[in-house]
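Engineer: Got a structure for you, questions after.
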């Protein structure tokens, strides 16, 4: 399943960057601290006498260079747009806020700005990540650290944020509510990762819960009946917004509660052959099971490889006569697998990432226990 860059995804990414920048500007305007990276950037700009946009561009250039060397697969159009635009958009919004609003001097006056910043940042990151057009340069640091150290992403992200917070503190930057919210929300994301991560809704669990609750509330109470007159007709009738909200819980149910074990093929429906069998036997197995591939297992039933219809076509083009071939010589080793206990949404993400149509389901000992095809996910309406 090859992903295409569509206008909708690009628009979502650009709108997400603008909303993220607005959230950072609101944090800065509230003067209660910012997230670690932006706190470091803001303080560095003050010390160097540079604008926030230029300083942000300098840091992102360094991180982007690292990303191009060690993590090029995370680079996309969204990576460049985030690196170049964020700092300048933050400056624009901050200048607008300072020109049109009085600086909040007391905690009760500052808290509404912080609340607005949390909601904006959460929504913006949700849109940016859902577009899936590249990882922001700073966000890559935690991903790259995870890929090279095999540590959990949560630990790597906590390390990079803590390091930025420490540097900002040593430089005299303002750390406060923004840092606390960032660390708390990072922990909350880990707690709600299964619940929210598979919805593609971004990184800040609290803001997403609030936003999702608002959508449900809007759909449940149908505010168009409260807004009488022509305005209600113009806003709600053409777009049928609340019909979407009415069906939202059912789709959430599918993505959150359907697991791989609920829809995978089991027993006699699993295509599998031994390593020592010939290719013709594997072709018969593929034809019999109607899934477009067969797993290759050893004597203990552990998965050692996979052989697909595409591999068969390429093998025929390369050799012509495939009768002498055995599976251990032509199979694809280390195939993509998934556990039965994982959500079906995880399987969708895996298929999307590696551009394949089939997955093998294995247990803790890498023994084959099931098979999953893209059509199984479509039949369960997970897609």
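The values are calculated or read from the model by the stated rules, or taken from the named source; none is laboratory data. Please read these numbers as outputs of a predicted model, since none were measured by experiment. Reconstructed Cβ throughout: ideal geometry from the backbone, glycine too, with neighbour counts over all protein chains shown.
Engineer: Applying the selection to segment 1-56, what residues are over 15 Å from residue 89 (Cα atoms), in contact (Cβ under 8 Å) with a residue 12 or more places away in the chain and loosely packed, with under 15 Cβ neighbours inside 10 Å?
Structural biologist: 1, 2, 3, 5, 47
Engineer: On the basis of being assigned to a helix (DSSP H, G or I), in contact with a helix residue (DSSP H, G or I) (Cβ under 9 Å, 6 or more places away or on another chain) and touching a residue at least 12 places away in the same chain (Cβ under 8 Å), does residue 376 make the cut? Give the derivation first.
Structural biologist: Numbers: assigned to a helix (DSSP H, G or I): yes; in contact with a helix residue (DSSP H, G or I) (Cβ under 9 Å, 6 or more places away or on another chain): yes; touching a residue at least 12 places away in the same chain (Cβ under 8 Å): yes.
When the stated conditions are applied, residue 376 passes them.
Residue-by-condition table, conditions (1) outside the structural domain of residue 292 (by TED's automatic domain parsing); (2) surrounded by 21 or more Cβ atoms within 10 Å (Cβ to Cβ); (3) out of contact with any helix residue (DSSP H, G or I) (no Cβ under 9 Å at 6 or more places or on another chain):
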| position | (1), (2), (3) |
| --- | --- |
| 326 | no, no, no |
| 335 | no, yes, yes |
| 339 | no, no, no |
| 343 | no, yes, no |
| 347 | no, yes, no |
| 353 | no, no, yes |
| 357 | no, no, no |
| 360 | no, yes, yes |
| 363 | no, no, yes |
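Engineer: Condition first: assigned to a helix (DSSP H, G or I) and either touching a strand residue (DSSP E or B) at 6+ places or on another chain (Cβ under 8 Å) or at pLDDT 90 or above (or both). Now tell me which residues in segment 318-327 satisfy that. Walk me through it before giving the result.
Structural biologist: Step one: list which residues in segment 318-327 are assigned to a helix (DSSP H, G or I), which gives 318-319, 327.
The one that is assigned to a helix (DSSP H, G or I) and either touching a strand residue (DSSP E or B) at 6+ places or on another chain (Cβ under 8 Å) or at pLDDT 90 or above (or both): 327.
Engineer: Just the residues that are part of a helix (DSSP H, G or I) and out of contact with any strand residue (DSSP E or B) (no Cβ under 8 Å at 6 or more places or on another chain), please, taken from segment 328-364. Step through it out loud before you land on a result.
Structural biologist: The first filter runs over segment 328-364 and keeps only residues part of a helix (DSSP H, G or I), leaving 328-330, 344-354.
Scanning segment 328-364 gives 329, 345, 348, 349, 352, 353, 354.
Engineer: Related question: Hey, residue 157 hits all of (1) under 25 Å from residue 32 (Cα atoms); (2) in contact (Cβ under 8 Å) with a residue 60 or more places away in the chain; (3) buried (at least 21 other Cβ atoms within 10 Å of the Cβ) but one; which does it fall short on?
Structural biologist: Answer for residue 157: the failing condition is (2).
Engineer: Moving on to the next point. List the helices (runs of 4 or more DSSP H) that sit entirely inside segment 63-152 and contain at least 3 residues that are at pLDDT 90 or above, out of contact with any helix residue (DSSP H, G or I) (no Cβ under 6 Å at 6 or more places or on another chain) and surrounded by 15 or more Cβ atoms within 10 Å (Cβ to Cβ). Steps first, answer last, please.
Structural biologist: Working: elements: 77-100, 107-131, 137-149.
Result: 77-100.
Engineer: Also, I was wondering about something else. For the structure I just gave you, tell me whether residue 352 is on the phi < 0 side of the Ramachandran plot and over 25 Å from the mean Cα position of the chain (by Cα). Please lay out each step first, then the result.
Structural biologist: On the way: on the phi < 0 side of the Ramachandran plot: yes; over 25 Å from the mean Cα position of the chain (by Cα): no.
In short, no.
Engineer: Something else about it: Suppose we filter 278, 305 for residues that are at pLDDT 90 or above, in contact with a helix residue (DSSP H, G or I) (Cβ under 8 Å, 6 or more places away or on another chain) and crowded, with 20+ Cβ neighbours inside 10 Å; which single one remains? Step through it out loud before you land on a result.
Structural biologist: Numbers: 278 fails: crowded, with 20+ Cβ neighbours inside 10 Å.
After ruling out the rest, the residue left standing is 305.
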